[in-house]
Amino acid sequence: MNDLELLEQWIDDGVLDVPQGEWDMARAPEKLLTTGLGPCTGILVHNPVLKKAALAHMVDPQFEKRNFAELLDYIRGGMGEVLDLGVYLGGAASESIGKKEIRECKRIRKYVEDALLGLGIRERQIHKVWNGPNESATMAVDTASGKVIHIKRDFSALLG
């Protein structure tokens, strides 16, 4: 079964959907999902030992300070040992390929990565699959199995 088929099965079985501008947490046997990560930033943190996860879908974490701070506080206090965590980052694509937009994406990416490293998470724990222009992504996690799904789609052909 490929990731898309598995994701469809998870959706049929029931999954907690994290909307834009929000974050949520789950424990086994729950699953978390967020879709439509284009320029938005997806942050997925999973502890396979405790079978817990947190998933965020934020437009710009630097300007969503309260929400982002709550997520960081949860990671710090509710996710167990920092060295047990797997972190997955996605989205944060520029909507065009202009220099200003690319700088903005790099700023957001660096801000998120620096915040996570500031918690004691090591670079090797962070899996980055950033979007390119005209890409959208879906991120999901099964807290029981630890399976993470990150699917990117390129929509440039549709934009003609």
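Kindly check whether there is at least one residue in the stretch 69-88 that is surrounded by 19 or more Cβ atoms within 10 Å (Cβ to Cβ), in contact with a Gly (Cβ under 8 Å, 6 or more places away or on another chain), within 21 Å of Arg153 (Cα to Cα) and not polar (S, T, N, Q).
Yes: one or more hits.
Being out of contact with any helix residue (DSSP H, G or I) (no Cβ under 8 Å at 6 or more places or on another chain) and closer than 15 Å to Pro61 by Cβ is the filter; apply it to the stretch 1-43 and report the residue that is surrounded by the fewest Cβ atoms within 10 Å (Cβ to Cβ).
Here the residue is Gln20.
So for the stretch 94-104 (the condition being under 15 Å from the mean Cα position of the chain (by Cα) and either of a type in the set (Gly, Ala, Ser) or within 16 Å of Thr41 (Cβ to Cβ) (or both)), does at least one residue qualify?
The answer is no; no qualifying residue exists.
What single numbered condition from (1) more than 23 Å from Asp114 (Cβ to Cβ); (2) part of a helix (DSSP H, G or I) fails to hold for Ala69?
(1)
So which residues in the stretch 8-56 are in contact (Cβ under 8 Å) with a residue 60 or more places away in the chain, within 27 Å of Cys105 (Cα to Cα) and of a type outside the set (A, V, I, L, M, F, W, C), if there are any at all?
Of everything in the stretch 8-56, those that are in contact (Cβ under 8 Å) with a residue 60 or more places away in the chain, within 27 Å of Cys105 (Cα to Cα) and of a type outside the set (A, V, I, L, M, F, W, C) turn out to be Thr34, Thr35, Gly36, Gly38, Pro39, Thr41, Gly42, His46.
Every number here is computed from the coordinates shown, using simple stated rules; none is lab data. All values reported here derive from a predicted model rather than from experimental measurement. FYI the Cβ positions are ideal-geometry reconstructions off the backbone, even for glycines, and counts take in every protein chain you see.
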